[in-house]
Amino acid sequence: MTDRQIRSWLTDMDGVLVHEGTALPGAAEFVAALREAERPFLVLTNNSIYTPRDLRARLVAAGLEVPEEAIWTSALATATFLAEQRPGGSAFAIGEAGLTTALHEAGYTLTDTDPDYVVLGETRTYSFEALTKAIRLIQGGAKFIATNPDVSGPSADGDLPATGAVAAMISAASGRKPYYVGKPNPMMFRSALNRIEAHSETTAMVGDRMDTDIIAGMEAGLQTFLVLSGSTKRGDLDRYPFHPGRVTDSIADLVDLVRP
């Protein structure tokens, strides 16, 4: 790990700050320290279902006071990317309010008539009709974008198929692969850094997954911290050809790094 000073922080949400609606050890203290020290920070999530306002309410219910503007989702990153690629464009979107709201606020028109893009996000109500429409629009020339490559997501009853799994089905039928904007694409991190006007050399990423949080943070030039309170366990580390800057049991171990 380098001795670069950390002025800004990016942190994953699930497995780092919360688990199934409950704050993890040290999460409240970490967020409080960031706010007290006036450190620029963002909470990142590949979840594109919810708007930042929705996610803030969920975090508050878990005891974490995170401002709405400090939440960055794959839906927001996707909308930002599309607005830069084709300002004022159009999209056929499959997803929930988190995605459609982000696209609207980025100046996009949502349509199923000759759109520039087909944009796939997370939803619990995938429609066969909508998927068929997406396949035909892609075959007709629409560019295929997906918010994130996660193939499954957690629920109280077990894993659910997520964006990556549905994207694979559309790809198989249309013959076109999507461009994924969310983690582990460093694009999501770069847009996050721009949002808080931070520099990669003085920013740290805290995550619980080696295959998304850590590799993306590393490729974006950030200092990386892996916490073992989520998906990755210590015994998993040797499976990867890269390593985080530091491994800790939980985000509680990082609180003192935030304080001046």
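A few points about this structure:
Here is a yes/no grid of residues against (1) in contact with a Ser or Thr (Cβ under 8 Å, 6 or more places away or on another chain); (2) farther than 18 Å from ASP256 by Cα:
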position: TRP9; (1), (2): yes, no
position: ALA37; (1), (2): no, no
position: PRO52; (1), (2): yes, yes
position: ARG56; (1), (2): no, yes
position: THR73; (1), (2): yes, yes
position: ALA77; (1), (2): yes, yes
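- Considering segment 51-71, the residues that are within 14 Å of ALA32 (Cβ to Cβ) and not β-branched (Val, Ile, Thr) include one that is surrounded by the most Cβ atoms within 10 Å (Cβ to Cβ), namely LEU59.
- Residues in segment 33-57 that are touching a residue at least 60 places away in the same chain (Cβ under 8 Å) and among the hydrophobic types (A, V, I, L, M, F, W, C): ALA33, LEU34, ALA37, PHE41, LEU42, LEU44, ILE49.
- Out of ALA168, ALA198, sole residue that is modelled with pLDDT of 95 or more and not in a loop (DSSP other than H, G, I, E, B): ALA168
- Scan of segment 171-190 for residues that are small (Gly, Ala, Ser) and either over 17 Å from THR73 (Cβ atoms) or modelled with pLDDT under 95 (or both), ordered by number: SER171, ALA172, ALA173, SER174, GLY175
- Selection count, segment 117-133, where residues are surrounded by fewer than 19 Cβ atoms within 10 Å (Cβ to Cβ) and small (Gly, Ala, Ser): 2
- Answer from ASP157, ASP114 - the residue that is in contact with a helix residue (DSSP H, G or I) (Cβ under 9 Å, 6 or more places away or on another chain), in a loop (DSSP other than H, G, I, E, B) and charged (D, E, K, R): ASP114
Results for (1) in contact with a strand residue (DSSP E or B) (Cβ under 9 Å, 6 or more places away or on another chain); (2) farther than 29 Å from THR125 by Cβ; (3) at pLDDT 95 or above; (4) part of a helix (DSSP H, G or I), shown as yes or no for each residue.
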{"site": "ALA192", "(1), (2), (3), (4)": "yes, no, yes, yes"}
{"site": "ASP211", "(1), (2), (3), (4)": "no, no, no, yes"}
{"site": "THR232", "(1), (2), (3), (4)": "yes, yes, no, no"}
{"site": "PRO260", "(1), (2), (3), (4)": "no, yes, no, no"}
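- Pick from segment 177-186, criterion buried (at least 16 other Cβ atoms within 10 Å of the Cβ) and touching a strand residue (DSSP E or B) at 6+ places or on another chain (Cβ under 9 Å), ranking: nearest to ILE49 (Cα to Cα): GLY182
- Selection of segment 72-116 for residues being free of Cβ contacts under 8 Å to residues at least 40 places away in the same chain, among the hydroxyl-bearing types (Ser, Thr, Tyr) and surrounded by fewer than 24 Cβ atoms within 10 Å (Cβ to Cβ) yields SER90, THR100, THR109, THR111, THR113.
- Some residue of segment 136-144 being surrounded by 16 or more Cβ atoms within 10 Å (Cβ to Cβ), at pLDDT 90 or above and in a strand (DSSP E or B): yes
- Within segment 35-48, none of the residues are part of a helix (DSSP H, G or I), buried (at least 21 other Cβ atoms within 10 Å of the Cβ) and at pLDDT 95 or above.
The values are calculated or read from the model by the stated rules, or taken from the named source; none is laboratory data. These figures come from a predicted structure and were not determined experimentally. Don't worry about glycine lacking a Cβ; one is built from the backbone with ideal geometry, like all the others, and counts go over all protein chains shown.
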